[in-house]
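Student: I am attaching a structure below and will ask some questions about it afterwards.
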Amino acid sequence: MISLIKNKKIFLQFIIFILYAIFTFIMILHHEVWGDEAQAWVVVRDSSFVEMLGHVRTEGHPLLWYFLILPFAKLVHSFNAVFLMQFLNWFFVLLAAVFLIFKSPFNIFCKICILLSSGFLYWYPVIARSYCIIPILIFLAAYFFNKQDKHPYIYSLIIILLANTHVIMFGFCFALSCIFALYAKTKKQKIAFALVVLSLFCVAGYLYGSQNENFIVKHSQHLSGIIGFLKVYSRVVFNIYGISNLLVLLTFGLFLIFCSVVFYNKDKRVFFVYLANLIYQFGVYMFVWGSLPQRVYIILFSIVFGFWVIYEKTVNSKLNFYLSLMIALSFLLTFGDGLKMLKDDYVKDFSGGKKTAEFILKNIPQNSVILSNDPVTSTSVSAYLFENKDKYKFWYNGYNDFYTYTLWNKPILPPYASISVSELLKKYDTVYLLISSDVYLSELTPLFVSDINVLTKQERFKIYKITKE
């Protein structure tokens with residue numbers, strides 16, 4: 001009887017996984033990469049290894065994601081080769097889903113709710129960025145947290161990889177490393193801990209000072225004080241739930257406090273990791289860079305991490321049930337926002353980059369001069385110009401040069417700034433204008449206008465043709 005129940009449970013989990021895999025794969029088939037996704041791909045594709053190392057630090061990112069997509073970007077050259085990056089992204093999130101379904105201690109309702117969250121349905125599997133590696137590594141960290149003294153090398157590798165996914169994970173990894181130091185008693189454990197410390201210093205050294213080399217970050221406005229904190233908190237809640245009214249703000253705040261109390265009472269190590277992650281994330285959002293759904297979702301994943309660890313030490317099934325219910329609701333309440341994003345992405349283009357690239361390949365001669373008003377958004381067009389990447393490069397006045405990906409250490413003007421064509425027309429008979437951010441030139445008729453898309457104001461492109469009179 002027990003065997004039959006177990007087999008039914010495994011079968012149900014398998015069905016859930018298959019349905020999740022099919023649904024999310026269909027979604028990535030309908031998704032066009034946008035500037036932030038395309039940037040990593042085009043940087044790897046169009047720069048040498050040394051150039052890549054020099055450029056990526058100006059973006060403030062560790063290198064793991066760039067190394068993972070490097071063989072695909074270098075070896076495959078076709079119009080839609082960027083889909084390989086999307087597939088790789090989906091694969092890592094699928095690993096997280098497998099581990100969650102078959103290895104986490106939560107009940108089946110809680111697992112389903114996590115998978116139905118906007119993070120697992122949309123932000124992580126569909127938007128191809130380095131964040132995709134974070135869920136599986138956090139789940140692995142939770143699984144090995146109480147086994148770190150027995151498997152120090154495995155645990156150290158998890159921390160090292162997690163620290164190399166994104167700079168937003170430094171607070172979480174720092175806390176894990178501090179706790180790991182407490183377990184470093186044997187020679188094997190001390191070596192494993194030393195490897196973690198060395199890795200963290202290498203990443204920190206690589207990224208040190210990069211915020212001063214990034215034109216956008218350097219000139220961005222930073223927040224401070226209570227008002228600044230409340231603005232950041234409101235934005236964090238909005239990025240998770242899609243709304244940030246007073247009721248939602250208060251409820252989520254109480255939930256964070258509740259988690260703090262549970263972690264503090266049940267396992268102070270978990271409380272330390274949770275608190276360090278919260279403080280670090282809010283510090284980044286206030287003083288360095290803004291929040292995004294994939295970033296703030298790490299708050300929810302840190303809560304999953306904490307409860308996962310506590311479950312393995314708690315025999316109180318009633319307590320575990322209520323904790324599972326809390327986790328389930330915190331994720332399930334994001335479903336509405338995720339459903340909206342899924343619908344919008346399915347029925348509309350997420351970005352006009354792909355169709356704009358198709359138009360350029362069919363209608364604009366190779367080696368033509370294409371002047372762009374925004375090097376950030378036009379990267380999504382570059383991502384689909386694989387076979388002809390050396391024949392189609394964009395000119396940007398802020399760089400005073402041709403480019404295929406955004407150079408963050410050079411001036412970037414607002415997309416609504418005036419566009420000067422006169423200097424280029426002195427050298428070339430014809431100049432094409434690639435305009436984004438809903439800027440229209442009233443005196444000219446566009447050759448092409450991309451469809452209204454999910455990122456309407458950012459990546460709806462127009463192409464104009466200007467010739468010498």
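Student: Report, to the nearest 10°, how far helix 83-103 tilts away from the longest principal axis of the Cα atoms in the chain, using its own Cα long axis and a range of 0 to 90°.
Tutor: Long axis of 83-103 versus the principal axis of the chain: about 10 degrees.
Student: With 10 angstrom as the radius, rank Met169, Met286 by how many other C-beta atoms surround their C-beta, starting from the fewest.
Tutor: Listed from fewest to most nearby Cβ atoms, that is Met286, Met169.
Student: Okay, moving on. Only sites in a loop by DSSP and with at most 15 other Cβ atoms within 10 Å count here; which trypsin sites (Lys or Arg not before Pro) in region 275-332 make the cut?
Tutor: Sites meeting the loop and neighbour criteria: Lys313.
Student: While we're here: Whole Å is fine, so just give me how far the alpha carbon centre of region 303-347 lies from that of region 163-203.
Tutor: Centre-to-centre (Cα) distance: 27 Å.
Student: Given the pairs Lys268/Lys318; Lys147/Lys231; Lys410/Lys465; Lys185/Lys268; Lys340/Lys462, which are separated by over 29 angstrom at their Cα positions?
Tutor: Checking Cα-Cα distances, Lys147/Lys231 exceed 29 Å.
Student: If I stretch the segment between Phe87 and Asn146 completely, what's the gain in nm (0.36 nm per residue apart, minus their alpha carbon distance), one decimal?
Tutor: Result for the pair: 18.0 nm of gain on full extension.
Student: I'd like to compare 458-466, 397-405, 206-214: which one has the highest average count of other Cβ atoms within 10 Å, and what's the full order after that?
Tutor: 458-466, 397-405, 206-214
Student: Ok, one more. Counting other beta carbons within 10 Å of each Cβ, put Phe272, Phe201 in order, fewest first.
Tutor: Result, fewest neighbours first: Phe201, Phe272.
Student: Compute the acute angle (0 to 90°) between the alpha-carbon long axis of helix 353-363 and the principal axis of greatest extent of the alpha-carbon atoms of the chain; round to the nearest 10°.
Tutor: 30 degrees
Student: Between Leu29 and Asp438, what is the FRET efficiency for a Förster distance of 22 Å, r being their Cβ-Cβ separation, to the nearest 0.05?
Tutor: Once rounded, the FRET efficiency stands at 0.20.
Student: Measure out, as a whole number of angstrom, how far apart the alpha-carbon centroids of region 248-297 and region 398-422 sit.
Tutor: 38 Å
Student: Here's something else I'd like to know. Report ³J(HN,Hα) in whole Hz for each residue of region 372-377, in order, from the Karplus equation J = 6.51 cos²θ - 1.76 cosθ + 1.60 where θ = phi - 60°; Gly and Pro get x.
Tutor: Couplings: 9, 8, 8, x, 6, 6 Hz.
Student: Would you pull out the residues with amide H under 5 Å of Val369's amide H, same chain only if 5 or more places away, H placed 1.01 Å from N?
Tutor: Counting only residues 5 or more places away or on other chains, the set is Tyr432.
Student: Ok, one more. Kindly express, to the nearest 10 degrees and within the range 0 to 90, the angle between helix 134-145's C-alpha long axis and the longest C-alpha principal axis of the chain.
Tutor: The two axes meet at around 20 degrees.
Student: Still on this structure, please answer the following. So which trypsin sites (Lys or Arg not before Pro) in region 132-232 end up in coil per DSSP with only 15 or fewer other C-beta atoms within 10 Å?
Tutor: Qualifying residues, ordered by number: Lys147, Lys150, Lys185.
Student: Do you know the relative contact order of the chain, to the nearest whole percent, from alpha carbon pairs under 8 angstrom that are 6+ apart?
Tutor: Normalised by residue count, the contact order of the chain is 20 percent.
Student: Between region 21-82 and region 99-139, how far is it from one alpha carbon centroid to the other, in angstrom?
Tutor: 22 Å
Coordinate-derived values only; no laboratory data. All figures in this text were calculated on a predicted structure; none of them were measured in a lab. No Cβ is skipped: glycine too gets one built from the backbone with ideal geometry, and neighbour counts run over all protein chains shown.
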